[in-house]
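Heads up: the structure comes next, in structure tokens.
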């Protein structure tokens, strides 16, 4: 059978027709044959071949799910492929397909509060003249803690020239955090001293 669906997608379709867990088929052809056998049990052998062809001829997984749902819900034993295609157009509504594809009931998504960036908060505090040192408690920062302590000491003294003289090669996350802290510390000290 010609299909653009993968073996995994066809296996997911077949699983919807079975109450017991199914193993995975290695190829799309094997999965398609199993889908047709399960359809024959569910809707009858006369319709199974034509239905499988319509389902597997879908241009994508969501459409295939819609066509499968339409076939299962179609009560007429004499339904032809045209009836199936018409019914699948209705069943392929995005909300229904989404519900079927995820096997969870549709619920309105709660509105998420707008995300605030932590670095934006830190920068805002630096513009007000205060700046907490970065958290270097993780084990990945072990070898950089001494250098960070030196930066914190210079920042506490208010030594802008000393901070600017510290060379940092920002090649990983720890040095990048230290460079950002140094630059924001200079900004915070200038704000406190009334320089801009």
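Sorting 19, 183 from the fewest to the most surrounding beta carbons within 10 angstrom yields 19, 183. As a rough footprinting exposure proxy, the listed residues 53, 176 were ranked by other beta carbons within 10 Å of their own, and the order from fewest upward is 176, 53. Shape class for segment 123-196, computed from the alpha carbon gyration tensor (a ≥ b ≥ c): prolate, with a/c not under 1.5 and a/b above b/c. Taking 0.36 nm per residue of sequence separation and removing the Cα-Cα distance, the residue 8/residue 149 pair yields an extension gain of 45.4 nm.
Annotation for residue 18 and residue 142: the two label points, set 7 Å from Cα along the Cα-Cβ direction, are 5.0 nm apart. Residues 24, 182, ranked from the fewest to the most other C-beta atoms within 10 Å, line up as 24, 182. In nanometres, what is the gap between the two model label sites at residue 193 and residue 128, each 7 Å from Cα along Cα-to-Cβ? Inter-label distance under the simple model: 2.3 nm.
Remark: relative contact order (segment 118-193) = 47 percent; criterion is Cα-Cα distance under 8 angstrom and separation of 6 or more residues. Hey, rough spin-label estimate for residue 121 and residue 159, points 7 angstrom out along Cα→Cβ, what's it come to in nanometres? The two pseudo-label positions are separated by 3.1 nm.
Every number in this text was worked out from the coordinates using simple rules, so none of it is lab data. Nothing here was measured: the structure is a model prediction, and the numbers come from that model. In this analysis, Cβ positions are derived from the backbone assuming ideal geometry, glycine residues included, and neighbour counts consider all displayed protein chains.
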